[in-house]
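Novice: Below you will find the structure I want to go over with you.
Values quoted throughout were computed directly from the atomic coordinates according to the rules given, and no laboratory measurement underlies them. Source: prediction; values computed, not measured. Because the Cβ atoms are built from the backbone with ideal geometry, glycine has one as well, and the counts that use them run over all protein chains shown.
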């Protein structure tokens, strides 16, 4: 789709102002506002248009120019930094921006015209050419890599994969849940305490069939000691722990 580029003379009030500035060969940063305003007003008086939207834009710019002209006759205002403000500054900024966009539109127009001179056609290759695949040159692919170097690269890759394996977790088998009936184990320890009265803690643990049973038995013994049902004694640091029931023999 072609890009529409509209470049009519005096497309708007800014376009007219640029024309007057170029015509009078004045510096855009130092516009003689009295002279430019007079020429601008003369032009809009000669305009023949019934489009009020277009006319209102030119009249608004005329009012802006007259306002700037009035401010130029008054003492200059000073900003917070102590510098005198130029009433034309905002208008100059708008003119510079418009001028930039205008020249950009010229560039787009030229590119559009240049593109219109280019012709293209679809690619048309024989089927045997499209189906052709360049054969692999293994010597070029390997380059200066010898078999020894390739073997070393292969071994280094294998070592990297082996380093990713956890030496401990990799030896784990299937983890199965060890079900322990806490009530049954508590009843078992309770009967053991009643029947033995005084016994070795080590021998009690040796009778358990798994690590989980040892843990649960240990917890049951701690609970019984907490409530005062048993007394635990160890005469020396490395001696066996002896457990004695505190309940009266029934």
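Novice: So, residue 62, is that one surrounded by 10 or more Cβ atoms within 10 Å (Cβ to Cβ), over 24 Å from residue 103 (Cβ atoms) and in contact with a helix residue (DSSP H, G or I) (Cβ under 8 Å, 6 or more places away or on another chain) or not?
Specialist: Here the answer is yes, as residue 62 does meet what is asked.
Novice: Sticking with this structure for a sec: Give the residues of region 200-210 that are within 20 Å of residue 240 (Cβ to Cβ) and surrounded by fewer than 16 Cβ atoms within 10 Å (Cβ to Cβ), sorted by residue number. So that I can check it myself, show each step before the final result.
Specialist: Kept after step one, since they are within 20 Å of residue 240 (Cβ to Cβ), are these residues of region 200-210: 200-208.
Within region 200-210, 200, 202, 203, 205, 206, 207 qualify.
Novice: Closer than 23 Å to residue 29 by Cβ and assigned to a helix (DSSP H, G or I), is that true of residue 93? Walk me through how you get there before you give the answer.
Specialist: Details: closer than 23 Å to residue 29 by Cβ: yes; assigned to a helix (DSSP H, G or I): yes.
Yes.
Novice: Which residues, counting only those in region 206-250, are in contact (Cβ under 8 Å) with a residue 40 or more places away in the chain, under 14 Å from residue 194 (Cβ atoms) and touching a strand residue (DSSP E or B) at 6+ places or on another chain (Cβ under 9 Å)?
Specialist: Narrowing region 206-250 to residues in contact (Cβ under 8 Å) with a residue 40 or more places away in the chain: 240-245, 247, 249-250.
Adding the requirement that they be under 14 Å from residue 194 (Cβ atoms) leaves 243-245, 247, 249-250.
243, 244, 245, 247, listed by residue number.
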